[in-house]
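Structure, as structure tokens:
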Amino acid sequence: MIKPSVRVTPLILLLSAALLGACSPVTESRSDGTAQASDKEEKPGKVLQPFESISGTPYLVANITQADWGGSRSGSSGSYKRRAGDIHNLVFLDSGSLASHRLFETNQYNILEAKQYSLSNPNPPAKKNEKIARFVYQVFKQDTNEDDYLGGVDHRTIGISDAFGKQYVEVLTDISQLLNLKPLSSNRLLAVYVKAGQKTASIIDLEQRVVVKTDAIATLGPDVQ
């Protein structure tokens, strides 16, 4: 006896395909989410400023400053508040060899001043085309008054480097108040300052990058801070 053949109708095929499609896993595209995350990435907090020539040398120098992207004039970096325009490092460039380097290995300090000296003219800034030999820096390195801002009345450091920002030496540290910093001659500076509550005067040799003499200021009486 011959069994009748089983005939599959087109309707059954269509129903089977629909069921299989319903059971298939659906893979969602994440490209939109990735793009949105990328758009939200923050811009760098600091920016390199234009380079300027250092008189009488083949070197150039540029500031690394706190950025201002058109928003608030303050921001945060590390554990300190930052103000747009604050100088956090210097970059030196040799126009001959194209060698370059940062003054500090970190961009977290606050450089209050970087003054250029020629060692032939006791009155900075140097005259045009006069050869610069030294930089004298005033730098804030620690938030000593714990106001979450690096600068202002924090203790400062006075450092000296050559014209290319090399051979950096800190000659005075932990200064709570600087009362004066003035040239005495082409290679000598007078610093008057307060350190550990003591009013002090020091003479700094710019060429050797050392303090050559220090003495305490006369006692001013208990009614003088």
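The values are calculated or read from the model by the stated rules, or taken from the named source; none is laboratory data. Keep in mind that what you see is a predicted model, and the values were worked out from it rather than measured. All Cβ positions, even for glycine, are placed from backbone atoms using ideal geometry, and neighbour counts span all protein chains on display. Surface areas here come from the heavy atoms of the whole protein model, side chains and all, with no ligands, DNA or RNA. Shrake-Rupley method; radii C 1.70, N 1.55, O 1.52, S 1.80 Å.
A few remarks follow.
- Exactly one residue among Lys199, Lys213 is of a type in the set (D, E, K, R), open to solvent by 30 Å² or more (accessible area, probe 1.4 Å), assigned to a strand (DSSP E or B) and touching a Phe, Trp or Tyr at 6+ places or on another chain (Cβ under 8 Å), and that residue is Lys199.
- Candidates in segment 146-192 are the residues that are among the aromatic types (Phe, Trp, Tyr) and under 17 Å from the mean Cα position of the chain (by Cα); of these, the one that is surrounded by the fewest Cβ atoms within 10 Å (Cβ to Cβ) is Tyr168.
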